[in-house]
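Working notes, beginning with the structure itself.
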Amino acid sequence: MQYTKLGATGLTVSRLCLGTMTFGLQANDAGAVAIMDRAAEAGVSFIDTADVYPLGGNDASIGHTEEIVGRWLKGKRNRFVLATKAVGRTGPCAWDQGASRKHLLDAIEASLLRLGTDYVDLYQLHSDDPATPLDETLEALDVIVRSGKARYIGVSNFLAYRIAKVLGRAEVRNLTRIVSVQPRYSLLFREIERELLPLAAEDRLGVIPYNPLAGGLLTGKHSLQEGPAQGTRFTLGTAAERYQKRYWHDREFRTVEALRAVVEEAGLPLTTVAVAWVLANPVVTSAIIGASRAEQLDDTLRAVELRLDPALKNQLDEITAEYRRGDAPR
């Protein structure tokens, strides 16, 4: 495993981060433990979760993923950098969601209880909440850090201009500064290269991309003709529609076939290459990998050791160039 600093902080994180959104639905409790054990054995010391997980779950399953992670961390919490997220709906009341002061202060307490810890290392806004004044949100995050319940703060799924505004308002108000961003990024989604990644580089923000395998499409195991397989994110409860809308299109399948031909000629697994391509971007800190079975981690864990040949990387860049433009035709 390789390690690096998270943005401009002194915090060391592994270059692969274990995502946990499959825990509690795609992976049962025992399966989740096996996945965490396998990642830890490989040197992964960075774990990312969220209060709304598992992905694709319902009201009854909200928070179950954090509970699974918390039980596994008991007795070894100090060996891992732990990140979680809030903003999504976690209860029946109108205020049980969003980035208001009330919800964030309630949400961090609930997450800490489920995770069985006094603090998280990185507390992130899971998404933007334009309905809440940004200053109110930043003040709440500042309280959370100053109280010792989070060491650092970050954002996920924010547009570049909103990240710039977050940085500016925190500076003007002398509030705790965000240290990281968690955007979607893969060979099939490269729009963040246009504005978000240059912003992150200039302001020395850590970049922790999720979906480096495009929801599993970049494993090359899916078939457009046969349709989405049961048990995958493309058929998974409340997440199925979202993932099909993101990736289940003729264009994406044609691209995967073109990528597969190139990497097979190089004698490499597409899964490993896809994650290695994300890590090859110098702005990327740590790529989030996940699994529903422990053995699925084998190819993604190898990505940290793979240095892409420049000629191969250029081919991958050229094949997927249209995904860098947000207005690319389907």
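A few remarks follow.
- Cα-Cα separations in region 154-274 greater than 24 Å, expressed as whole percent: 41
- Pairs of Cα atoms farther than 17 Å apart, region 217-304, %: 55
- Within straight-line cross-link reach of residue 74, aspartates and glutamates at Cα separation under 17 Å, skipping those fewer than 8 residues along the same chain: 29, 37, 41, 48, 66, 118, 121
- In this structure, the residue pairs whose Cα-Cα separation is over 24 Å, taken from 165/313; 221/245; 76/102; 5/245; 102/165, are 165/313; 76/102; 5/245.
- Global size of region 8-66: 12.7, 39 Å for Rg and Dmax (C-alpha atoms, Rg to one decimal, Dmax whole).
- Exposure proxy order (Cβ contacts within 10 Å, fewest to most) of 45, 186, 286, 147: 147, 45, 186, 286
- Region 75-170: trypsin sites (Lys or Arg not before Pro) in DSSP coil with no more than 14 other Cβ atoms inside 10 Å: 76
- Based on C-alpha pairs under 8 angstrom that are at least 6 apart in sequence, the chain has a relative contact order of 20 percent.
- Summarised in one figure, the compactness ratio Rg/Rh of region 3-123, Cα atoms and Kirkwood Rh, is 0.97.
- Estimated Rh, region 125-195: Kirkwood, alpha-carbon pairs, angstrom: 12.9
- Here the translational diffusion coefficient of the chain follows from Stokes-Einstein with Rh set to the Kirkwood radius across Cα pairs; for 37 °C and 0.692 mPa s it amounts to 164 µm²/s.
- Computed magnitude of the charge dipole of region 103-195 (debye, nearest 20; Cβ of K, R +1, Cβ of D, E -1): 240
- Using θ = phi - 60° in the Karplus curve 6.51 cos²θ - 1.76 cosθ + 1.60, the 3J(HN,Hα) couplings for region 139-150 round to 5, 5, 5, 4, 4, 5, 5, 5, 7, x, 7, 9 Hz; x is entered for Gly and Pro.
- For residue 124, nonlocal amide neighbours, meaning residues 5 or more places apart or on other chains whose placed amide H falls under 5 Å from its own, are 84, 85, 86, 154.
- Check: the chain dipole with +1 on Lys, Arg Cβ and -1 on Asp, Glu Cβ, in debye: 440
Read-outs: derived from the displayed coordinates by stated rules, not from any lab. This is a predicted model, so every value here is computed, not measured. All Cβ positions, glycine included, derive from the backbone under ideal geometry; neighbour counts span all protein chains shown.
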